[in-house]
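Some notes on the structure that comes next.
The values are calculated or read from the model by the stated rules, or taken from the named source; none is laboratory data. Just so we're clear, the structure is a prediction, and the values are computed from it rather than from any experiment. No Cβ is skipped: glycine too gets one built from the backbone with ideal geometry, and neighbour counts run over all protein chains shown. Each accessible area value is taken on the protein alone, full model and side chains, heavy atoms only, with ligands, DNA and RNA left out. Shrake-Rupley method; radii C 1.70, N 1.55, O 1.52, S 1.80 Å.
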Amino acid sequence: MVASDPMATDSIAEGSQEAGWRSQARKSRDPVIVDDAHPFDLDAYISSYTGRTAVARLLHIANVCPSLAQPAYARAVRLLRESREPNTYLNTIAQHNSLSGADHIEPDKKWVDDIHNQNLSDKNKLEVELKAYSSNMIKESIRMAHRDLGDFYRMTSDNSNALKHYTKSREFCTTSQHVLEMCLSVLELLVEQQNYSHISTYIFKAEAALDAIPAQQAAPQGAATTATQSQAPKKSAEREKVQTKLDFCSALAALGVSNYEKAATGFLKLGYKGLEDWFGKLVAPSDIAAYGVLCALATLPRSALVSRLGLSQPGSSKGSSATSEPPPFAYYLEQEQYVRELVDAYVNSKFKTVLELLDRFSSRHILDINLSPHVQELTTMIRDRAIVLYFQPFASIRLDRMALAFGLPADQLEKMVVALIQAGQIKGRVDSQNKILRAKDLDQRVAMFTRAEKVGKAIQSSNHKLLLRIRLMQNDLQVPKPSLKDNKGSSLLGAVPTQMVLE
Amino acid sequence: MSLNSLDDVISLATGAQGSNSTHVANAFKALVRKDKDGADIMLSGASGSGQDPLAILAPNIHTLPYLYILSARLATNATTVTHAVVENFCRTADPIQLRLAPDRVTLLAHGISRAADQAGSIRTAIGPLRDLVRRFPATPAHLTSVHPIFVHACVKSHYFTLALPVLQQAITEIDKNTYDLTYHTSLNYHYSAGICLAALKRFREAEEFLEIVVSSPSQGPPTAVQLDALNKLALIQLIIYGKTNPTPKYTHATLGRIFKVSPYSAFTKVYPAPTSALVGIVEKDLKTFSSDNNLGLVKQALQRAPRWAVRKLTETYVTLALPEIGKAVGIESEAEVRTMVLSMIEAGEINATLSAEGTVTFLDPPTSFTKEGIDALLEDAQTHAMLLVEFDRELERSRDFLQKAVRDREGGGPWMMEDMDMTGHSSLREAIWDEGDF
């Protein structure tokens, strides 16, 4: 398994490397519009990120939003100038220059050559070190050499080689701490790469390593050099931090593969501690707020939503919630004002506001590198749930009133309602003539009788068939294994004049 | 005593040993085993005295010799046999003696069918064959080699209703040796029966029969009959349910794979789309449908497509105007929609009212559960449960089962459980438990 994983990631990484960055792999969609109704502040947004993720996000924005392409490329070029990735630098400049109406940016040839040379010499140096250590057979040194090479390749955006060396270093790990370190490095890399499908493998490995750590500390002879009684609480806090990171990765992976419910529960249990050193480097707190809340609104039942987010139920006294400790996710909720508003509107059943907010910030969501492919589906899911929730207490309701509550045109709402009925989510029927939605009154007793009758008949019929089948098998009257004889059925059947018969 | 001429046959039949059927049967078997063709020629010839042996023998007493001679004549030179003789034999022959020579009964049945076909009226074969089907098996639940021949004759002559009394008797007993059965017998019988019932528009029963064909046990690749049955089954399910149901778990996997790439699968997938889309698919693969002789079923499914679309609407709407229905099901003319909706209401397919302005109001389907109806259902279930218990006991008494059970007790290993699953034993236990849960 260990051997096959890097192979798989390699091929994915190589595929996207050609173009420089992975956001190119996205299917081109309708260009995202940024205007007063759909605000997006590029400067404020990108200032929350540093390093490679900032570049990746800028390139994603440039890719999906033509109106922001020029400033995004320009910023990316500036950031890349500080990096060690000359190829990406040149590619980005070329893309920037190919935009119509953009100022021409002259690539800094000297810098490119310098970095190229520097990269080459660093690489040679590290590889020589690795060779030396390998011949000396010092495990720990070999591990560190692999790790350093992995870091180096990651810095120069050679993801496949970075992954190769990180995974290689695992063979030379002597303690679980080292394995954990390796897993976290790989996870950072995978998150950067948006390689969601592989994340869970390394989370699994990391958790196993994490579990093994206390066991080693308990043993006196192990690598527990610093484990003393007083440090135990600190260790467990450390442990919690790592666990939070793993939880984040797992939630992100679930989001990546469209498992929104798992993503929602994952994000909502994240605490603030532990992720600090990933903020900016991989993700911003406001991102987590948006991911978590969107997934939660789309999948979790309302009661779970209220308790997870530590909100007071509308109507209940405000004092009671203050006494209990706020859940961990509350921190993220405060990071982004509109997310908070979204949750409040949803919990208070102001669905019109919910939909308006979702629409207003749709650009913000689509421009997010992780959320982008899921925005459409999540929005639809939230809207559908809202419609279902809204109708629940009614026996019948006029469609135009409902449309008013959602701020949607009546005919569009009717279509949605019909689709939801057909999907079995709303138990009701539409009075298309008077434009009324009526709940179905289901007689449970009759339904039960009908079901019992149906099941009984089905069982009798299938038992008859099974019995006959047993008899046939007991008598060995089975269609035989192929022989030279024809397998086309008997001549008897060819003569059956079905067509004339079955007009 | 060996049989060398027809005179020997007659003296055997009329002699002292003549009443010992087993003895006679063995003598004939020995004769046929020695030289089948020669025996048939000898049997279909004339006796030394020039007298017709069939005139000497009585069909109800000397059934076996009569059967051998008659079947031999039909096989070699059918014109010498008059219809009255055949009819008389089939009506009066002794069933116990017939069961001693099942292969000759098969031969006879084939002979009857062929002779009638050659004479140009397959219809005449139905009478004798029906007598044979009724009299040959010990119980009506037994399958015999005559069954497929009889039903096929009915289908071929379009006298479908004549087959009904036989078809309504479910086959549950299979005895390979007494009734000369091969795997073709079961496949052909159920296939022909399915077609027969489909022609009578008794689609639900047809579905059962075709499903048996489709899910017949198989060691090798599936047969063409099974594939054809699956195609017809899919079309029939479209007609009665508006969609296809999954085939039983134990259906040959290859069948499903072949079906998936056939035009039938394409047709079922879009069904019940607006008729225009369906017609497109049908026209594209018209050749396949017509060469498979399924055009009739396809047409019926096509006709019913808008009805299924309307049925779907009833689950979603309370009231709907006729033009809206027309739009949803793909019929433009309002008058046509009105006729269709009316006919559906009349047939009880939907429970609705149609107002003068053209608004259809769908009502909840009426539910009719009477005490008597439920009692009948329960009684049905109980009889069925008894049947299963009896079967279960029989299985536990059976040699195979006991052998395996003993071996298992001696430490035979866990494979036995798998084996039990294969015979369907454990699933039957579950079925009984289900029934008891009512």
Report summary line: With -39,500 (n - 2.57) per DSSP H segment of 4 or more residues and division by the full residue count of the protein assembly as shown, the 222 nm estimate, nearest 500 deg cm²/dmol, is -21000 deg cm²/dmol
**Report entry** 10 Å beta-carbon shell around A:Trp278, net charge (K/R +1, D/E -1)
**Finding:** -1
Report summary line: With Cα coordinates, the longest principal axis of chain B makes an angle with the long axis of helix B:102-118, in degrees rounded to 10, of 70
Query raised in the report: Listed highest first by mean packing, meaning other Cβ atoms within 10 Å per residue, what order do A:269-282, A:54-67, A:191-204 come in?
Result: A:54-67, A:191-204, A:269-282
**Report entry** Relative contact order %, chain B, counting alpha carbon pairs below 8 Å whose residues are six or more apart
**Finding:** 7
Report summary line: For region B:1-170, the convex hull over Cα atoms projects on average to an area in nm² of 9.2
Query - 10 Å Cβ neighbours from other chains, averaged over peptide B:217-226 - result: 6
Query raised in the report: For region A:279-291, in order, what is each residue's ³J(HN,Hα) by Karplus, 6.51 cos²θ - 1.76 cosθ + 1.60 with θ = phi - 60°, in whole Hz (x at glycine and Pro)?
Result: 5, x, 6, 10, 8, 10, x, 5, 5, 4, 4, 5, 4
Report task. For each pair in B:Lys201/B:Lys269; A:Lys481/B:Lys243; A:Lys125/A:Lys273; B:Lys249/B:Lys287; B:Lys34/B:Lys176; B:Lys232/B:Lys312, compute the distance between the two Cα atoms and list the pairs where it is over 26 Å. Result -> A:Lys481/B:Lys243; A:Lys125/A:Lys273; B:Lys249/B:Lys287
Requested in this report: Determine the equivalent ellipsoid of region B:314-368 by diagonalising the alpha-carbon gyration tensor, then write out the semi-axes as square roots of 5 times the eigenvalues, largest first, rounded to whole Å.
Outcome: 18, 12, 10
Query raised in the report: Ranked highest first by the average count of other Cβ atoms within 10 Å around their residues, in what order do A:239-249, B:383-393 fall?
Result: A:239-249, B:383-393
Query raised in the report: Which of B:Ile281, B:Ile61, B:Ser333 sits closest to the plus end of the dipole of chain B, meaning its Cα is farthest towards the positive end, when Lys and Arg get +1 and Asp and Glu get -1 on the C-beta?
Result: B:Ile281
**Report entry** Dipole of the protein assembly as shown, positive end: most advanced residue of B:Pro137, A:Tyr202, A:Phe361 [Cβ charges, Cα centre]
**Finding:** B:Pro137
Requested in this report: State whether region B:200-255 is rounded, prolate or oblate according to the following rule on the C-alpha gyration tensor (a ≥ b ≥ c being the square roots of its eigenvalues): a/c under 1.5 gives rounded; otherwise a/b larger than b/c gives prolate, and the remaining case gives oblate.
Outcome: prolate
Query raised in the report: Using only Cα atoms, what Kirkwood radius does region A:40-107 have, in angstroms?
Result: 11.8
Query raised in the report: Hey, with R₀ at 41 Å, roughly what FRET efficiency would B:Asn177 and A:Asp441 work out to, going by the Cβ-Cβ distance, to 0.05?
Result: 0.10
**Report entry** Carbon + sulfur, % of accessible area of the protein assembly as shown - ligands and nucleic acids excluded, 1.4 Å
**Finding:** 54
Query raised in the report: Between B:Phe401 and B:Lys243, what length comes free when the chain is fully extended (0.36 nm per residue of separation minus the Cα-Cα distance, one decimal in nm)?
Result: 52.8 nm
Requested in this report: Once you have the Cα-Cα distance between B:Thr353 and B:Glu336, take 0.36 nm times their residue separation minus that, and quote the gain in nm to one decimal.
Outcome: 4.5 nm
Report task. Leaving ligands, DNA and RNA out of it, rank B:Asp40, B:Asp131 by accessible area with a 1.4 Å probe, largest first. Result -> B:Asp131, B:Asp40
Query - Where B meets A: accessible area buried, both sides, 1.4 Å probe, Å² - result: 6300
Query raised in the report: Which whole number gives the average, over all residues in A:447-456, of C-beta atoms from other chains lying within 10 Å of the residue C-beta?
Result: 3
Report summary line: The size of the Cβ-based charge dipole (Lys, Arg +1; Asp, Glu -1) of the protein assembly as shown about the Cα centre, to the nearest 20 debye, is 480
Query raised in the report: Per-residue accessible area for B:Thr359 at 1.4 Å probe radius, Å² rounded to 10?
Result: 20
**Report entry** With DNA, RNA and ligands ignored, accessible area of B:Glu173 (1.4 Å probe; Å², nearest 10)
**Finding:** 60
**Report entry** Magnitude of the charge dipole, region A:328-461, Cβ model with Lys/Arg +1 and Asp/Glu -1, debye to 20
**Finding:** 680
Query raised in the report: Between region B:246-306 and region A:371-440, what is the C-alpha centre distance in whole Å?
Result: 34
Requested in this report: Can you pull the one-decimal nm distance between simple spin-label points at A:Lys273 and A:Asn434, each 7 Å off the Cα toward Cβ?
Outcome: 6.1
Query raised in the report: Against the longest alpha carbon principal axis of chain B, how many degrees, from 0 to 90 and to the nearest 10, is the axis of helix B:146-157 turned?
Result: 60
Report summary line: the protein assembly as shown accessible area per residue, 1.4 Å probe, protein heavy atoms, integer Å², reads 48
Report task. Count charges around A:Asp400 for me, please; just the other residues with Cβ under 11 Å from its Cβ, Lys/Arg as +1, Asp/Glu as -1. Result -> +1
Query - Under Karplus coefficients 6.51, -1.76 and 1.60, residue-wise ³J(HN,Hα) of region A:431-439 in Hz, glycine/proline x - result: 8, 5, 6, 9, 6, 10, 9, 10, 6
**Report entry** A:Asp36 - accessible surface, heavy atoms, 1.4 Å probe, Å² rounded to 10
**Finding:** 140
Report task. Could you please report the charge total around A:Val388, scoring K, R as +1 and D, E as -1 over all other residues with beta-carbon less than 12 angstrom from its beta-carbon? Result -> +3
Query raised in the report: Using 1/(1 + (r/R0)^6) with R0 = 45 angstrom and r between the beta carbons of B:Arg393 and B:Lys269, what's the FRET efficiency to the nearest 0.05?
Result: 0.50
Requested in this report: Please quote Rg/Rh for region A:34-178 to two decimal places, taking the Kirkwood radius as Rh and restricting both calculations to Cα atoms.
Outcome: 1.11
Report summary line: The simple spin-label model distance between B:Met386 and A:Ser200, using points 7 Å out along Cα→Cβ, in nm, is 5.3
Requested in this report: Take peptide A:393-400, look around each residue's Cβ out to 10 angstrom, count Cβ atoms belonging to other protein chains, and average those counts.
Outcome: 0
**Report entry** For A:Ile436, residues with placed amide H under 5 Å, excluding near neighbours
**Finding:** A:Leu399, A:Asp431
Query - Rounded to 10°, Cα long-axis angle of helix B:123-135 versus longest principal axis of chain B - result: 80
Query raised in the report: Which order do B:Ser276, B:Ser192 take by accessible area at a 1.4 Å probe, largest first?
Result: B:Ser276, B:Ser192
Requested in this report: For the protein assembly as shown, just list the percent of Cα-Cα distances falling in each 10 Å bin from zero outward, please.
Outcome: 2, 9, 13, 14, 14, 14, 12, 9, 6, 4, 2, 0, 0
Query - Charge-dipole axis of chain B as Lys and Arg at +1 and Asp and Glu at -1 on Cβ define it, positive-most pick from B:Gly194, B:Ala115, B:Leu354 - result: B:Ala115
**Report entry** Rounded, prolate or oblate (a/c below 1.5 giving rounded, otherwise prolate when a/b exceeds b/c) for region B:264-394 by Cα gyration tensor
**Finding:** oblate
